[in-house]
Amino acid sequence: MKALTIREPFASLIKEGYKKYETRSFKTNYRGELYIHAGKAKVNEKQFENRPHLKELSNNLDYMYGKIILKCNLKDCIYMDEEFINEVKKDEDEYACGQYEIGRYAWLLEDIEVIDPIEINGQLGLWNFER
């Protein structure tokens, strides 16, 4: 099964339902089941400097560094244009949880299923996980 490593607090924000788009600089043609792995890198407080709402959402999260924490369905990969970004801005939580810029991509994650954490080293990009 495919897996994607995401830094905290963003992996946990998906788990808690605040974030349904994973924003990336690259697109993927993959669609289907996907594990989300919370990366081992500790939360960098600098990422909150100009994003007070992100800090607020992250305050009570239980980070699961270095673990696969959920299974979901990668439903779509959307090219960000001005219209898409303006639509996302209507959801303050979602907008705070991503990097929304024209030319980037929003990976739509659906059917979030929290699982018993699986400790494992992650990788860059999409990678294969086998139990």
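Residues of segment 2-18 that are open to solvent by less than 10 Å² (accessible area, probe 1.4 Å) and among the β-branched types (Val, Ile, Thr): 6, 14. The residue pairs whose first member lies in segment 34-49 and is under 22 Å from residue 74 (Cα atoms), whose second member is among the aromatic types (Phe, Trp, Tyr), and whose beta carbons are closer than 8 Å, counting only pairs six or more residues apart or on different chains, are 35/129; 37/129; 38/63; 38/65; 39/65. Here the strands (runs of 3 or more DSSP E) wholly within segment 38-131 that include at least 3 residues being out of contact with any Asp or Glu (no Cβ under 9 Å at 6 or more places or on another chain) and farther than 13 Å from residue 6 by Cα are 67-79, 105-119. Cβ-Cβ contacts under 9 Å between residues 6 or more apart (or on different chains), taken from a first residue in segment 118-131 that is among the aromatic types (Phe, Trp, Tyr) to a second residue that is in a loop (DSSP other than H, G, I, E, B), are listed as 129/1; 129/120.
To keep it simple, each residue is scored yes or no on (1) open to solvent by less than 30 Å² (accessible area, probe 1.4 Å); (2) modelled with pLDDT of 95 or more.
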{"site": "39", "(1), (2)": "yes, yes"}
{"site": "44", "(1), (2)": "no, no"}
{"site": "48", "(1), (2)": "yes, no"}
{"site": "54", "(1), (2)": "yes, no"}
{"site": "74", "(1), (2)": "yes, yes"}
{"site": "80", "(1), (2)": "yes, yes"}
{"site": "94", "(1), (2)": "yes, yes"}
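Pairs linking a residue in segment 76-100 that is without any contact (Cβ under 8 Å) to a residue 60 or more places away in the chain to a residue that is acidic (Asp, Glu) and in a loop (DSSP other than H, G, I, E, B), with Cβ atoms under 8 Å and 6 or more positions apart or on different chains, are 80/101; 85/101. All of (1) in a loop (DSSP other than H, G, I, E, B); (2) surrounded by 20 or more Cβ atoms within 10 Å (Cβ to Cβ); (3) of a type in the set (Val, Ile, Thr) hold for residue 28 with one exception: (2).
The values are calculated or read from the model by the stated rules, or taken from the named source; none is laboratory data. Please read all numbers here as calculations on a predicted model, not as lab measurements. All Cβ positions, even for glycine, are placed from backbone atoms using ideal geometry, and neighbour counts span all protein chains on display. The protein model used for the area step is the full one, side chains on, heavy atoms only, and it has no ligands, DNA or RNA in it. Shrake-Rupley method; radii C 1.70, N 1.55, O 1.52, S 1.80 Å.
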